[in-house]
Amino acid sequence: MPPADPPRPRARTPRVGRPPTLDLDRIIAAVLAQDLDTLTMQGVARSLGVAPSALYRWVRNRDELLDLASAEMGRRIVPDEPPTSRTWQPWLADLAHGIRREFRAVPGFAARMLSTGVHREAGHGPVERAVVEAFVMGGHPHAYARQCWYAFASAVMGWIAVEQSDFPADPPMDFEALIAILLRGTEPG
């Protein structure tokens, strides 16, 4: 006689009542809407209209909030398609536009990144690895590709920090000129 199949666990019956008031998207949006230098669990909970204990069910502490926000910004910044040996420069231009778009949405973030040097691995790491890979796809040795990343990221973030400071540039600053200069300067050879 063949062994009997183990009994299947019964499906949980959905609980009747209010739907959950929190989800990761709401939490991340609340974090990104706040000053990241003074971010607290209590402040985020207050902005979400929930008790801090409700927020603690999702994240353990402020560092996890910052990691969630950083990972989301990194996800938004990196283009969906990976770079190739044919597309590495347009890919880098798309990435620069993504950095500008996302950092402009969180005023002061670019200046904070440049001045404090605080990088969250959850967001920064994947962006850095993707950009280094783009430079490698462009024909650069890995060690030099990392140097290209440093120059590229510093230039783009510095540009955004200056834009956000309302620097009186005459003629007005042109982000496309920055990208063209950066990409021309990263041609292998």
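Structure notes:
- Efficiency of FRET between Leu24 and Asp80 - r from beta-carbon atoms, R0 25 angstrom, step 0.05: 0.80
- Volume per residue that the Cα convex hull of region 128-184 spans, once the total is divided by residue count, Å³: 77 Å³
- For Asp25, net neighbour charge (Lys/Arg +1, Asp/Glu -1) across residues whose Cβ lies under 14 Å away: +1
- The gain in end-to-end length when the Gln147 to Ala105 segment is fully stretched comes to 12.4 nm, 0.36 nm per residue minus the alpha carbon separation.
- Rounded to whole Hz, the Karplus (6.51, -1.76, 1.60) HN-Hα couplings of region 54-62, x for glycine and proline: 5, 5, 5, 6, 9, 9, 7, 6, 4
- Surface composition of region 47-189: carbon plus sulfur atoms contribute 56% of the solvent-accessible area (1.4 Å probe, protein chains only, all chains present).
The values are calculated or read from the model by the stated rules, or taken from the named source; none is laboratory data. Being a predicted model, the structure only gives us computed values, none of them experimental. So basically every Cβ, Gly included, is an ideal-geometry build from the backbone, and we count neighbours across all protein chains shown. Just the protein is used for accessible areas: all its heavy atoms, side chains included, with ligands, DNA and RNA removed. Shrake-Rupley method; radii C 1.70, N 1.55, O 1.52, S 1.80 Å.
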